[in-house]
Structures are given as C-alpha cells and as structure tokens.
Amino acid sequence: MGAQILFFLCAALILISAIMVVTVRNLIHAALWLIATLFGAALLYASLDASFIAVVQVVVYIGAIAIMFIFAVMLTRRELLIKTDQTNANWPLALGLSAVMLVALGYVIGGFGVTLNTTPAAIPAGVDPLTLLGKALLAPEAYVLPFEVASVLLLAAMVGAVYVAMNKK
Amino acid sequence: MLNPWMFVGLFLIVGLLIPVAAIVLSALLAPRKPNPIKLSTYECGMETVGDSWVQFKAQYYVFALVFLIFDVETVFLFPWALALNALPFFAVVEGIVFILILIAGLSFAWRKGMLEWV
Amino acid sequence: MIPLSWYLFLSAALFCIGLYGVLARKNAIAILLGVELMLNAVNINLVAFWRYLDPTQMGGQVFAIIVFAVAAAEVAVGLSLVISIYRTRGTVVADELDMMKW
C-alpha cells in the first residue's frame with residue numbers, strides 16, 4: 001500500500017511538472033520544472049531498487065544537463081522569450097497527434113494484459129546489482145562494445161560542441 | 001526494502017526545514033520598522049543600471065560542457081571501479097582505453113585554448 | 001504491489017507530453033527540453049523492465065546508462081548549435097531558421 005502511494009505521488013509529480021515544462025512561458029521556469037520531473041523519476045528509480053540509476057539521475061541529469069539548459073537560456077536574450085507566443089501555429093495539430101499517440105500506446109499496453117508481470121522479480125540473496133552492472137559493462141560477451149562506443153560518442157560530442165560553441169564570427 | 005533511503009529522505013526533510021525555520025523565525029521575532037532607505041534594493045551600494053537579465057559570457061558554457069562530458073564519464077567508470085577486483089585484466093585495459101579516448105577530447109579543448117579564461 | 005503496466009502507462013504519458021513539447025514549442029531550447037522528457041520516459045521503461053523481468057540480467061540498466069550518455073551528448077551538441085545560431089542569426093525561434101528551405 002505504501003509503495004502504491006509512493007508510486008502515485010511520483011507519477012503525479014512527474015506528469016504535472018512535465019506538463020508545466022511544455023506549457024509554461026518563461027523558459028527558466030520550464031527548466032526548473034524539468035528538474036522537478038527528473039527528481040520524480042529519480043524517486044521512482046529508488047523505489048525500483050535501482051539506486052545507482054537514481055543517484056546518476058540526480059548527479060548527471062539534474063546536476064549537469066538541467067544546468068546546461070539554464071545556461072543556454074541565459075546565453076540567449078530575454079526579449080525573445082517573452083515577446084511572442086511560445087507555441088507555433090501548429091500546436092492544435094501537435095496536441096491531437098500526441099493525444100492519438102497516447103491512446104495508441106495505452107491500447108497497446110492494455111493489450112499486453114496478463115502477459116506482463118504484476119510483481120517485481122525477486123533479487124537473489126547475496127547479489128549486488130551494481131557489481132553485476134560493472135561486470136556486464138566490461139564483459140566481452142555482454143556490453144563492452146556499447147561501453148567503448150559510448151566513450152567515442154562522448155568524445156565526438158565534446159569536440160563538436162566545443163568547436164561549434166567557440167566558433168567566432 | 002527502502003531502509004537505506006530513509007536517511008536520504010531524512011536529509012531532504014531536515015534540509016528543507018532549516019531554511020523554512022530560519023525564515024519563519026526571523027519573520028516572527030524581527031521588529032518591523034520600515035523606512036524608504038531600508039526598503040530600497042541595496043541599503044548600501046549603487047542601484048542597478050538597466051535590466052538585471054544580462055547576457056552571460058559564452059565561456060561559462062564551454063566549461064559547463066566539459067564538466068558535463070566528464071560527469072557522464074564518471075557514470076561509466078563507477079561500476080567499473082566497483083567491480084575491478086572481480087574483473088579480468090582485459091576488462092581493466094578496456095576501462096583505461098575508455099579514459100584515454102576521453103582524454104583525447106580534453107587535450108583537443110586544451111590545444112584550442114578553450115580552457116583559458118579570457 | 002504495483003503492476004508493471006502502471007510504469008508503462010506512466011512512461012507512455014510522459015513520452016506523449018514530451019512529444020507535444022517537441023512539436024508545439026517555438027523556441028529551439030524548449031524543443032530540446034521536450035526531447036529530454038521523451039528520453040526520460042524511455043529510461044523509466046528500461047529500469048521498470050529490468051526490475052520486473054530479471055534483476056540479474058543487467059541489460060536494462062546498461063541501456064539506461066547509455067541513454068544518459070546519449071542525452072548528455074545530445075544536449076551538449078544541441079545547445080551549442082542553438083548558441084551558435086543565436087550568435088549568427090540573433091534568434092532561437094525554430095520557425096525562423098529556414099536557411100535550408102528552398
């Protein structure tokens with residue numbers, strides 16, 4: 001029962017603040033609402049026993065990515081933010097498309113029905129998921145290729161982003 | 001199940017309570033005798049000129065960018081470091097290769113002079 | 001207990017909110033905010049499936065971490081482009097960035 005209340009609190013936090021992110025006019029506020037969304041997701045990961053992912057969510061998403069957004073908003077001028085409408089002319093179409101998408105996804109998930117688990121699987125005693133994660137990331141028969149590709153991706157992102165951001169005109 | 005998280009929750013609650021208590025206490029205890037000088041934005045110092053929303057220097061952004069990339073690198077290296085004792089030598093080398101690839105990016109930024117404050 | 005489908009419904013709703021943000025927002029930074037919401041929906045799905053199917057198979061968490069890396073790379077490059085475009089064109093409104101239109 002307690003777990004269900006926690007889930008509904010997290011879900012409410014995530015969904016309400018996500019709606020604020022896409023509707024609020026001031027982009028600084030949108031970035032702050034994004035932090036609330038991310039924090040709700042971190043709570044959800046903690047309740048799912050994925051403590052590492054929860055901490056990473058706070059450190060990387062809230063600590064770095066959300067801050068980058070606030071930087072970017074501050075680097076651009078404010079008049080652009082408050083002068084005009086924040087939504088483009090096609091917003092009713094976008095709303096309709098998202099609603100159709102939601103109904104379709106809900107239909108698909110509802111169609112899974114009884115094939116989905118209703119309770120979490122048991123974690124065997126003496127197994128630490130974090131050590132398993134380290135082994136899985138580095139094992140050649142598991143995920144070592146994505147691991148190395150991620151470093152190349154980060155390298156490319158850093159070189160590209162630094163080059164583009166500092167390109168003086 | 002959630003026991004270790006109790007402490008985190010406790011920290012959150014205490015961390016929220018302390019500033020709230022400070023604000024409420026000062027509102028309750030402080031005498032209120034306002035005058036125009038006290039109510040001005042800065043009691044001493046100059047009034048601000050123009051909009052308070054000034055444009056940031058792009059340099060801050062580059063530092064945040066490099067920080068972000070290395071923040072994400074930590075995420076990959078933490079499980080690696082934790083499982084280090086249980087890993088074969090090959091896996092340790094893989095982790096070092098991972099670090100070297102990212103150091104190449106850092107040295108690029110350094111060579112381009114983007115880490116110097118101008 | 002909480003059935004797995006609740007997590008799936010939550011992440012579907014979050015994904016659709018993000019989709020609306022991407023499609024309807026004018027400001028390029030706000031569009032990237034919408035993309036972040038969609039990536040988070042994916043992560044909730046990955047972690048929920050990891051927990052409910054087999055916690056000893058770390059695929060779900062590994063891919064959640066890869067999503068973090070992709071999100072960081074996307075934000076770094078995306079926001080750099082926004083700032084660079086702002087510097088040369090003086091706007092961050094996506095509709096006005098039509099240099100490639102013909």
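Hey, quick one: spin label on B:Tyr60, modelled 7 Å out along Cα-Cβ, who in the range C:1-36 has an amide N within reach, i.e. under 11 Å?
In the range C:1-36, the label zone of B:Tyr60 (backbone N under 11 Å from the point 7 Å along Cα→Cβ) covers no residue.
Note down the nm distance, to one decimal, between modelled labels 7 Å out along Cα→Cβ at A:Ala156 and at A:Ala104.
With each label point 7 Å from Cα toward Cβ, the separation is 2.8 nm.
Taking N as the number of residues in chain A, what is its alpha-carbon radius of gyration divided by 2.2 N^0.38 Å? Don't skip to the answer; put the middle values down first.
On the way: Rg = 20.5 Å, N = 169, 2.2 N^0.38 = 15.5 Å.
My calculation over the Cα atoms of chain A gives 1.33.
Net charge within 14 Å of C:Tyr20 by Cβ-Cβ distance, Lys/Arg positive one each and Asp/Glu negative one each, not counting C:Tyr20 itself?
On the way: positive: C:Arg25, C:Lys26; negative: C:Glu36.
Spelling it out: positives minus negatives among the neighbours equals +1.
Assigning unit charges at the beta carbon (Lys, Arg +1; Asp, Glu -1) and nothing else, what dipole magnitude in debye, to the nearest 20, does chain C show about its Cα centre?
Details: 6 positive and 6 negative charges, 34 e Å.
With only Lys, Arg, Asp and Glu charged at Cβ, the dipole is about 160 debye.
Mind sorting B:Trp110, B:Trp80 by how few other Cβ atoms lie within 10 Å of their own Cβ, fewest first? Before the final figure, lay out the partial values.
On the way: B:Trp110 13, B:Trp80 22.
Ordered from fewest to most neighbouring Cβ atoms within 10 Å, B:Trp110, B:Trp80 come out as B:Trp110, B:Trp80.
Once the Cβ-Cβ distance between A:Ala122 and A:Ile67 is put in as r, and R0 is 25 Å, what FRET efficiency do you end up with, to the nearest 0.05?
Values: r = 38 Å, r/R0 = 1.53.
Once rounded, the FRET efficiency stands at 0.05.
Taking the Cα centroid of the range C:1-30 and of the range A:88-134, what is the distance between the two, rounded to the nearest whole Å?
Using only Cα atoms, the two centres lie 10 Å from each other.
Residue farthest toward the positive end of the dipole of the range C:4-94, with Cβ of Lys/Arg at +1 and Asp/Glu at -1: which of C:Trp6, C:Tyr20, C:Val67?
Checked the options; the winner is C:Tyr20.
Fewest Cβ neighbours within 10 Å first, please rank B:Cys44, C:Cys16 accordingly. Present the calculation step by step, with values, prior to reporting the outcome.
Details: B:Cys44 6, C:Cys16 25.
Listed from fewest to most nearby Cβ atoms, that is B:Cys44, C:Cys16.
In units of 2.2 N^0.38 Å, what is the alpha-carbon radius of gyration of the protein assembly as shown?
Numbers: Rg = 23.1 Å, N = 389, 2.2 N^0.38 = 21.2 Å.
This ratio for the protein assembly as shown stands at 1.09.
Per residue of the range A:61-74, what does 6.51 cos²θ - 1.76 cosθ + 1.60 with θ = phi - 60° give for ³J(HN,Hα)? Whole Hz please, x for Gly and Pro, Karplus curve as stated.
5, 6, x, 10, 5, 5, 5, 4, 5, 4, 4, 5, 5, 6
Under 22 Å between C-alpha atoms is the cut-off here; go through the protein assembly as shown and count lysine pairs that meet it, provided they're at least eight residues apart or on different chains.
Final tally of qualifying lysine pairs is 7.
Within 10 Å of each Cβ in B:6-14, how many Cβ atoms from other chains are there, averaged over the peptide?
Values: counts 0, 0, 6, 2, 0, 0, 0, 0, 0.
Mean partner-chain Cβ count within 10 Å for B:6-14: 1.
For C:Met58, enumerate residues with amide H under 5 Å from its amide H, sequence gap 5+ or separate chain, H modeled in the peptide plane.
Here nothing satisfies the definition.
Per residue of A:87-98, what is the mean number of Cβ atoms on other protein chains within 10 angstrom of that residue's Cβ? Could the numbers behind the result be given before it?
Numbers: counts 8, 8, 3, 3, 5, 1, 2, 7, 4, 2, 5, 11.
What the average comes to for A:87-98 is 5.
Remind me, relative contact order of chain A in percent, using alpha carbon pairs under 8 angstrom and six or more residues apart?
The value is 14 percent.
Quick check: Cα centre of the range B:87-118 to Cα centre of the range B:14-34, how many Å?
Answer, in whole Å: 48.
Ignore the peptide's own chain and count Cβ atoms of other chains within 10 Å of each Cβ in A:36-43; give me the average, rounded. Don't jump to the answer; show the numbers that get you there.
Values: counts 0, 7, 3, 0, 4, 9, 0, 3.
What the average comes to for A:36-43 is 3.
For C:Arg89 paired with A:Leu15, estimate the spin-label separation in nm (one decimal), with each label point 7 Å from Cα along the Cα-to-Cβ line.
3.6
According to a simple spin-label model (label point 7 Å from Cα along Cα-to-Cβ), what is the distance in nm between B:Leu12 and B:Ile103?
3.9
Defining a contact as two alpha carbons under 8 Å apart and six or more residues distant in sequence, what relative contact order in percent does chain C show? Please report the intermediate quantities before stating the final value.
Details: 88 pairs, mean separation 27.0, N = 102.
Relative contact order of chain C: 26 percent.
Let me check I've understood the local charge: for A:Ser151, count other residues with C-beta under 11 angstrom from its C-beta, Lys and Arg +1, Asp and Glu -1. What total comes out?
Values: positive: none; negative: A:Glu148, B:Glu73, B:Glu94.
Summing Lys/Arg as +1 and Asp/Glu as -1 gives -3.
With point charges of +1 on the Cβ of Lys and Arg and -1 on the Cβ of Asp and Glu, referenced to the Cα centre of the protein assembly as shown, which listed residue (A:Met1, A:Tyr45, A:Phe71) lies farthest in the positive direction of the dipole?
Of the listed residues, the answer is A:Phe71.
Can you give the FRET efficiency for B:Ser26 and B:Trp5, using 1/(1 + (r/R0)^6), R0 = 30 Å, r = Cβ-Cβ distance, to the nearest 0.05? Kindly include the intermediate steps, with their values, before the conclusion.
Details: r = 32 Å, r/R0 = 1.08.
Given R0 = 30 Å and the Cβ-Cβ separation, E is 0.40.
FYI, it's all coordinate maths here, none of it is from the lab. As the structure is a prediction and not an experimental result, all values here were calculated from the model. When we count neighbours, we look across all protein chains shown, and the Cβ atoms used for this are built from the backbone with ideal geometry, even at glycine.
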